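Worksheet: one structure, shown below.
The values are calculated or read from the model by the stated rules, or taken from the named source; none is laboratory data. Given the structure is predicted, the values throughout are model-derived calculations rather than measurements. Every residue, glycine among them, receives a Cβ derived from its backbone with ideal geometry; neighbour counts consider all protein chains shown. These accessible areas exclude ligands, DNA and RNA; they are computed on the full protein's heavy atoms, side chains included. Shrake-Rupley method; radii C 1.70, N 1.55, O 1.52, S 1.80 Å.
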There are 6 protein chains.
Amino acid sequence: MTTATDLSLITPTVEEGRALAIKLARSTVKATQPDAEVRVRLRPVYAEDPVALVAIAHVVAVEFATIAAANHYWR
Amino acid sequence: MTTATDLSLITPTVEEGRALAIKLARSTVKATQPDAEVRVRLRPVYAEDPVALVAIAHVVAVEFATIAAANHYWR
Amino acid sequence: MTTATDLSLITPTVEEGRALAIKLARSTVKATQPDAEVRVRLRPVYAEDPVALVAIAHVVAVEFATIAAANHYWR
Amino acid sequence: MTTATDLSLITPTVEEGRALAIKLARSTVKATQPDAEVRVRLRPVYAEDPVALVAIAHVVAVEFATIAAANHYWR
Amino acid sequence: MTTATDLSLITPTVEEGRALAIKLARSTVKATQPDAEVRVRLRPVYAEDPVALVAIAHVVAVEFATIAAANHYWR
Amino acid sequence: MTTATDLSLITPTVEEGRALAIKLARSTVKATQPDAEVRVRLRPVYAEDPVALVAIAHVVAVEFATIAAANHYWR
């Protein structure tokens, strides 16, 4: 499903944890819509629609919660 | 409800955990709409609708949170 | 609210945990709309609407997270 | 906000935990829309709208997760 | 962002935990829409829209989950 | 993805935890829509739309749950 090799939830920093959360969310969209051309066509729709932008931020927040727990919150 | 035998939340890798999260989300859709023909007809609707794509990514993120906890985050 | 007797979150298998999650989600709909005829009339609306199908999958994922934790993830 | 006295998250059974989850969700609606007449007028809208029914089930699932944890899942 | 001084997640009772959850949810709306006049104008829209009422109940449920955990569920 | 240096989930107070939750939610919107002009144009849409305001409050609640856990709820 994802082409990442050696995918790990452990990241050295909070920033990299945020980046991983976005990457995980995108990988699900990729798995549901594998056609890159369609995804490229849909991208401006997301990026200009306030509701979609907030919905994406919501998914990233959920993925980040998992990653943060995995990293003991980088305490 | 699912036809999987010996379904387990434990996976050797993060990638397989992601794949399981997608599988679990799909199994609920299957249980709610058991008619495969209808599901096939609806598939392009999901795959071309930005809101639906993000909503699916949200469900997968929630299922993944459970699977990740089950696997002690593959630490 | 539910008519189940001796309802328990503990299930022997993951599959039964998934089935319980669907049952719990349905029991809330039943409590909010107790008229069985109305529920039967609404059923095809859910089952043919991609957004509703994903929304149901989302609720089931949340219920399942609770059930999985209750069962120590069937580890 | 709620008129309950001695509100507790601890319930003897899972069924009572479910009932409490519905009660908590309703108490928020009451706090946001304190006019009972308006709530009564809106009730059929919820109860006949598939999307609203699923949305209510979602809120109840989240409240129940908290109550279930409070009760150590009635293990 | 909030003007509360000495904000704490610890509350003596479940009821006060519910009230705090509503207060936290409102403080985010305030931070996003700081103009009190606009908020007052929007209030009846929320309070008469079933979807908005359920959406608010959802946010409060999520805030309450955090507060309940902070208070060890007032066990 | 975010330009913050030394981003940490640990905050001295609950208020700063709330502020961080809003900042994290905004950083995802920024990552999805990097064009500041577009974001400025969309801002009034969010701030006047009740559904969007509640949706933002939802994302902040999820981010805050993570931050609160990281800080042992500032107990």
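Summary table
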quantity	calculated
Some residue of segment D:48-60 being surrounded by fewer than 20 Cβ atoms within 10 Å (Cβ to Cβ), more than 8 Å from chain E (Cβ to nearest Cβ), free of Cβ contacts under 8 Å to residues at least 40 places away in the same chain and within 26 Å of residue F:55 (Cα to Cα)	yes
Hits in segment F:3-30 (condition: at pLDDT below 95 and within 16 Å of residue A:60 (Cβ to Cβ))	F:4
Members of segment D:66-75 that are at the interface with another protein chain (Cβ under 7 Å from one of its Cβ atoms) and crowded, with 21+ Cβ neighbours inside 10 Å	D:66, D:68, D:70
Residues satisfying the stated conditions in segment F:27-45, i.e. within 9 Å of chain A (Cβ to nearest Cβ) and of a type in the set (Val, Ile, Thr)	F:28, F:29, F:32, F:38, F:45
Close pairs from segment F:6-22: first free of Cβ contacts under 8 Å to residues at least 12 places away in the same chain and open to solvent by 20 Å² or more (accessible area, probe 1.4 Å), partner assigned to a helix (DSSP H, G or I) and among the charged types (D, E, K, R), Cβ under 6 Å, at least 6 apart	F:7/A:15
Test result for residue E:37, within 14 Å of the chain's Cα centre (by Cα), open to solvent by 50 Å² or more (accessible area, probe 1.4 Å) and over 27 Å from residue C:55 (Cα atoms)	no
